[in-house]
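This report refers to the structure that appears directly beneath it.
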Amino acid sequence: MDYLKCPGNFLEIPDAYSNYADSCAVILPFPYEKTTSYIKGTEKGPDAIIKASGQIELYDEEIGNIFEIKISTLKPLITKEMPELMVDAGFACIKEVLDDGKFIVTLGGEHSITSGIVKAFREKYSGLSVLQIDAHSDLREEYQGSRHSHACAMKRVAEICPIVQVGIRSMSGEEFEFVKEKKMNIFWAKDIVDNDNWFNKAISRLTRNVYITLDLDGLDPGIMPSVGTPEPGGLGYYQTLRFLKKVFESRNVVGCDVVELCPNKSNAAPDVTAARIVYKLIGYKFMNEIKVKDNKI
């Protein structure tokens, strides 16, 4: 599998810690953008996250030297196909990497990439559920002529496996009717942003094997303004990390994606925030192994 080498890879780590064969975790840049309906630029998101990651200290104060579990960065998955065919490309690539036994974090790109990825994970892991952190429910049947628009991403995922939605604060009337009919598991932003009391309840709705899709507009725009469709309100940085850590501790998280960053040349902070969250996701997955290693030193 072709991968990027230092200095063009995630964290700018040398080949001893970033070659594909030895890696435990893999970063897949998937800079797809065809259906964005407001601010353009998600296709530049993966590159911005990778570049910003070079400014992150490799030692994490909460977990330790996460990079030592070895993190490889694949060459970007480039496809100019319409979204109906793009999902097939994502499925095929993820399936190949899963067959190699890697933990995969995919960097979008727009949210439409998620359904093909989840399909591949569902084939490998029985009883899969998806945790979605997002401002938008993304449950439309179709949008602007496509059933695979970013606005339909989770409707397609819900056809594959159960979903739990966190941070939602925007949806259409059509989506609201679907939510009522199907009794969807939704944790509204208005009810959760000022407390952590909902953590256990949200996690209880997840199955043992969990895939996480994190749309960055799920975060408060005060800390994450660089997204395609910003919404007021949203989760804070530390609250998001506390919740994610508890999910990893309570469930078998099998993979993740981080999507919808629209980089702004005048403000690099959101890029760094996204990169730090990606590093944390990998750290939470391998936290026990890292602590065991640290205890031996």
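Where a number appears in this text, it was derived from the coordinates with a stated rule and is not lab data. Computed from a predicted model, the values in this text were never measured in an experiment. As a convention, Cβ positions derive from the backbone with ideal geometry for all residues, glycine included, and neighbour counts pool all protein chains shown.
Relative protection proxy for 94-106, 12-24, 271-283, from highest mean packing down: 271-283, 94-106, 12-24 (other beta-carbon atoms within 10 angstrom).
Peptides 193-199, 75-81 ordered by packing proxy, namely the average of other Cβ atoms within 10 Å per residue, highest first: 75-81, 193-199. Kindly express, to the nearest 10 degrees and within the range 0 to 90, the angle between helix 287-296's C-alpha long axis and the longest C-alpha principal axis of the chain. On a 0 to 90 degree scale, this one is about 20.
Other residues within the sphere of radius under 15 Å centred on the Cβ of Glu181, judged by their own Cβ, net out at 0 (K and R +1, D and E -1). Which of Lys155/Lys182; Lys40/Lys265; Lys40/Lys80; Lys102/Lys291; Lys44/Lys95 have a Cα-Cα distance over 22 Å? The pairs that break the limit, which is 22 Å between Cα atoms, are Lys44/Lys95.
Label positions at Glu57 and Lys291, each projected 7 Å from the Cα along the C-beta direction, are separated by 2.1 nm. Considering only Gly8, Asn264, Tyr211, and ranking their Cα positions along the charge dipole of region 3-296 that arises from unit charges at the beta-carbon of Lys, Arg, Asp and Glu, the one farthest toward the positive end is Tyr211.
Which trypsin sites (Lys or Arg not before Pro) from region 1-65 combine a DSSP loop assignment with at most 13 other Cβ atoms within 10 Å?
Details: sites: Lys5, Lys34, Lys40, Lys44, Lys51; in loops: Lys5, Lys34, Lys40.
Passing sites in region 1-65 are Lys40.
Give the separation of the Cα centroids, region 1-77 to region 141-176, in Å. Each part reduced to its Cα centre gives a spacing of 27 Å. Calculated FRET efficiency, Asp2 to Glu159, Cβ-Cβ distance, R0 = 22 Å: about 0.10 to the nearest 0.05.
Among the trypsin sites (Lys or Arg not before Pro) in region 137-215, those located in a DSSP loop and surrounded by at most 10 other Cβ atoms within 10 Å of their own Cβ are Lys183.
Axis of helix 83-99 versus longest Cα principal axis of the chain: the two differ by about 40°, to the nearest ten degrees. Stretching the chain fully between Ser172 and Val193 yields a gain of 5.4 nm (0.36 nm per residue, less the alpha carbon separation).
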